[in-house]
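> Here it is, the structure, as structure tokens.
The values are calculated or read from the model by the stated rules, or taken from the named source; none is laboratory data. Just so it is clear, the structure is predicted and the values come from calculations on it, not from any experiment. For neighbour counting, all protein chains shown are included, and Cβ atoms are generated from backbone atoms with ideal geometry for every residue, glycine included.
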Amino acid sequence: MVNQLLIKLQKSEFDTARISTLISLGKFHVYKAGEAKIDLDSALLYLHQAEELSNRLHVSKEKHQAESILVIAYMEQGDVRLGEAVFSKLITDCRRTGDKETEADALYRFATAQRYITRNYPKAFAGYRQAASLYKVLRNPEKEIQLYEHIAGLHADLGELDLAENEFLDVLKRYKAINYAKLHYTYSWLASVSRLKGNFEKGLYYALQSLESMNKTQDTLAAASFYGTIAEVYMELGKPDQSTYWFKKTLQQWRQEKLPNYSLYYAASFIVQDLIGHHKTQEALRLIKNLIKEIPPVTIIQKGCIAQIFAYCYNDLQNYSLAEKYYLEAIAWYSQSGNDFEMAQKAPKEVGEFYLKRNDLKKAGFYLRKALAFSPQKNAPSTVKDIHFMLFKVDSTEGNYLSAIRHFRQHKALNDSIFNEVKSRQFAELEVKYATAKKVQQIQQQQNELEKEKTTRNGILAGTVLLLGLLGVSFNQYRLKQRSNQLLEAKQLEINQKNESLQRILDEKEILIDDKDNLLDEKEGLLEEKEWMLKEIHHRVKNNLQIISSLLHSQGVYLKDKAALSAIRESQSRVHVMALIHQKLYQSDRISTIPMAEYIDEIVDYLLVTFACQDSVTKRMALTPIHLDVILAVPLGLILNEVVTNSLKYAFPANQQGSLYIELTEVAKRTYRLTIGDDGVGLPPDLNPNRSRTLGMSLIRGLSKQLGGKLQISQPNGVQVSLIFSEEKVGVPDVANV
């Protein structure tokens, strides 16, 4: 387009068409992505030429149009005072000449500059409202409604989500009233607002409506943005596969544009995280390096996003110094931009999480509290929830128990509110579907009854005509007919009695059906209540175990004896293992089985942090994704706790580097093998684990017998503990082999 304009400029005469070309070139360079000085210089050159030619030709409207873009160029250049002076003069001249259309356009552009460049939001709101009023006078409802959509968008950016949602719904209603077809932009806004409010089902509905409207109108100019919106909703719903699918479509769409765009790198960040989650970190690193080579970033926030992506990769590659460098670089870039958008607000949260995993509690607490200082309405509830949970960990470890409890309560409240809102909406949808189906059934029943009444009425009319015919045929047969009439009356009486009897039967049937429905509803209610009661029991058991753990921790603070302190710490680990079981049960839709891969991973991570071995000991996991009954999961968790604790305490003396591996495989139907090993120094020569009377070894042997499992301890290279157990042999003891 720009090349065509430049060719057109070379061939054009010094007339109004040339002015339009100059204005178009100036507008392109002003709104071009990035803060390059050369672009602004080019914009000013073209716009000044357009202004001078307008003066020479004495055309005020074209002059006003050029000046309305010059205002933005000055403000983007940093000369806000000059921009405001030119704008004030422009508005005065527009009113003098009656150029309301350019005045409205100028007000709209100036308000947008106040919104994004100077961040003077009161002026932005005022400008949008004045422009909307002018478009109303000009009888341009489409542009008038668009201005109110910008007002709603600014409220959303400021975190005023309830107000923004109501305004967007009003905009949607007004667009429909004028038969405006391109509703996908409004639907996309509503999807984003719903996601930030935690209304994920509503967010998904609006995101899908946005795609439907886009496809219907074939207006695919902003398709990448709409794909990104639905990807974010699926991410919040906990559906990573669907989320990644849409982020890949977003990235592909932006890549075709061949222009640097923040949303391009934002989509790439989630694809990189997905690759890292699938242990393809090198592939993720190649992806982002190739992307910035193909489309180099030009703005501050684009550079911040890329730094964040590199931090993800190097963190997973365990190059923590480089990861820290990029995390802090991302924070610095975002700070320069004003931190007024969601990704910039997530950055301190991710840096805090990074330091928490490194056990640097002071830095972790600093960045997590910095993340929490942002307006909560500008972050998704899931992000705020995670920040509170990490601050709970920081404060509880540092001994700030009151603060830790406050953060845990806020985390739990947010977690429960998201869960309850989703469930209540699902129940509401089911009720609507049920009520609709019942209505349809009632209408069908009424139609059948009307058909029966019509048939009966027609039969009676036919009988009456027949009787009248018989009366007319022969008066002499009057008595016979009278006798026939009596018989008919008797028959009619019998029919009426049978009809009444049938009606009673139908009424009784309706009562029985209603009773059945009530019983089914009551049964469903009882089942639901039972499920919630079980979840609440698990929740309370988990809380009580956490209290016990906190008491043990508090007791440990006052102990000086190392053996007693070690016993306290080991008891804390055992309590944590059991508490984790109940946490999994009340958070999961399954109330009797545990996802073992996730459970084992969390136990090992907890012990590595507890013994401060996360930097010296590498974990290697090969876990089959299976769910086991709580009866199996509890002893398995305790066995794992004892074996890993012994490895971390004795296998790697003096912070020796080493690795810990855990493998859970299914060796036969409903039969599994748990293998735990290390490459440490091994057992002392004089220690026979089969005869050891320590509490840990006694627990391991006792719990193995409880599982009916076959326990084997060997020393191929370090210590290896193997346990074969079956779901069908719980409680059946077997001989332990060494």
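> Contact list please: Cβ distance under 9 Å, first residue in segment 111-124 and within 15 Å of Gly78 (Cβ to Cβ), second residue surrounded by 15 or more Cβ atoms within 10 Å (Cβ to Cβ) and charged (D, E, K, R), pairs at least six apart or on different chains.
Pairs that qualify, where the first residue is within 15 Å of Gly78 (Cβ to Cβ) and the partner is surrounded by 15 or more Cβ atoms within 10 Å (Cβ to Cβ) and charged (D, E, K, R), are Ala113/Glu76; Gln114/Lys123; Ile117/Glu76; Arg119/Asp340.
> Out of curiosity, is Leu57 under 16 Å from Tyr31 (Cβ atoms) and at pLDDT 90 or above?
no
> So in segment 373-403, with the set limited to residues that are at pLDDT 80 or above and within 16 Å of Gly159 (Cβ to Cβ), which one is nearest to the chain's Cα centre (by Cα)?
Val384
> List pairs: first residue in segment 210-237 and over 23 Å from Lys197 (Cα atoms), second residue surrounded by fewer than 19 Cβ atoms within 10 Å (Cβ to Cβ) and modelled with pLDDT of 90 or more anywhere in the structure, Cβ distance under 6 angstrom, at least six positions apart or on different chains.
Within 6 Å, the pairs are Thr217/Ala181; Thr217/Lys182; Asp219/Lys182.
> Here's another thing I want to ask about it. Here is a list: Thr112, Thr118. Which entry is among the polar types (S, T, N, Q), touching a helix residue (DSSP H, G or I) at 6+ places or on another chain (Cβ under 7 Å) and at negative phi?
When all the criteria are applied, what remains is Thr118.
> Of the residues that sit in segment 27-85 and are in contact with a helix residue (DSSP H, G or I) (Cβ under 7 Å, 6 or more places away or on another chain) and not in a helix (DSSP H, G or I), which one is farthest from Trp254 (Cα to Cα)?
Checked segment 27-85; the qualifying residue farthest from Trp254 (Cα to Cα) is Val59.
> Related question: Considering segment 673-703 alone, what residues qualify as being assigned to a loop (DSSP other than H, G, I, E, B) and among the charged types (D, E, K, R)?
Of everything in segment 673-703, those that are assigned to a loop (DSSP other than H, G, I, E, B) and among the charged types (D, E, K, R) turn out to be Asp679, Asp686, Arg691, Arg693.
Okay, residues lined up against (1) touching a residue at least 24 places away in the same chain (Cβ under 8 Å); (2) farther than 26 Å from His582 by Cα:
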{"position": "Val617", "(1), (2)": "yes, yes"}
{"position": "Gly637", "(1), (2)": "yes, no"}
{"position": "Ala654", "(1), (2)": "no, yes"}
{"position": "Leu664", "(1), (2)": "yes, no"}
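> Return the total of residues in segment 674-686 being exposed (fewer than 12 other Cβ atoms within 10 Å of the Cβ) and of a type in the set (A, V, I, L, M).
Of the residues in segment 674-686, 0 are exposed (fewer than 12 other Cβ atoms within 10 Å of the Cβ) and of a type in the set (A, V, I, L, M).
> So Ala579 fits all but one of (1) over 30 Å from Asn319 (Cβ atoms); (2) in contact with a strand residue (DSSP E or B) (Cβ under 6 Å, 6 or more places away or on another chain); what number is the exception?
Going through the list (1) over 30 Å from Asn319 (Cβ atoms); (2) in contact with a strand residue (DSSP E or B) (Cβ under 6 Å, 6 or more places away or on another chain), Ala579 breaks only (2).
> Within segment 90-104, can you find the residues that are touching a residue at least 12 places away in the same chain (Cβ under 8 Å), in a helix (DSSP H, G or I) and among the charged types (D, E, K, R)?
Answer for segment 90-104, where residues must be touching a residue at least 12 places away in the same chain (Cβ under 8 Å), in a helix (DSSP H, G or I) and among the charged types (D, E, K, R): Asp93, Lys100, Glu101, Glu103.
> Kindly indicate the residue of segment 282-340 that is within 25 Å of the chain's Cα centre (by Cα) and at positive phi and also modelled with the lowest pLDDT among those meeting that condition.
The qualifying residue modelled with the lowest pLDDT is Asn339.
> Same structure, new question: Quick test of your reading of the structure: Asn179 fulfils all but one of (1) without any contact (Cβ under 8 Å) to a residue 24 or more places away in the chain; (2) at positive phi; (3) touching a helix residue (DSSP H, G or I) at 6+ places or on another chain (Cβ under 8 Å). Name the failing condition by number.
Going through (1) without any contact (Cβ under 8 Å) to a residue 24 or more places away in the chain; (2) at positive phi; (3) touching a helix residue (DSSP H, G or I) at 6+ places or on another chain (Cβ under 8 Å) one by one, Asn179 breaks only (3).
> Scan segment 192-209 and tell me whether some residue there is touching a residue at least 24 places away in the same chain (Cβ under 8 Å), in contact with a His (Cβ under 7 Å, 6 or more places away or on another chain) and either among the hydroxyl-bearing types (Ser, Thr, Tyr) or crowded, with 17+ Cβ neighbours inside 10 Å (or both).
Among the residues of segment 192-209, not one is touching a residue at least 24 places away in the same chain (Cβ under 8 Å), in contact with a His (Cβ under 7 Å, 6 or more places away or on another chain) and either among the hydroxyl-bearing types (Ser, Thr, Tyr) or crowded, with 17+ Cβ neighbours inside 10 Å (or both), which makes the answer no.
> Consider only pairs whose beta carbons are under 9 Å apart and that are at least six residues apart or on different chains; among these, list those whose first residue lies in segment 386-397 and is over 10 Å from Leu368 (Cβ atoms) and whose second residue is outside any helix (DSSP H, G or I).
Thr397/Asn359
> Residues that are basic (Lys, Arg) and within 26 Å of Gly127 (Cα to Cα): which helices (runs of 4 or more DSSP H) entirely in segment 137-215 hold 3 or more of them?
161-177
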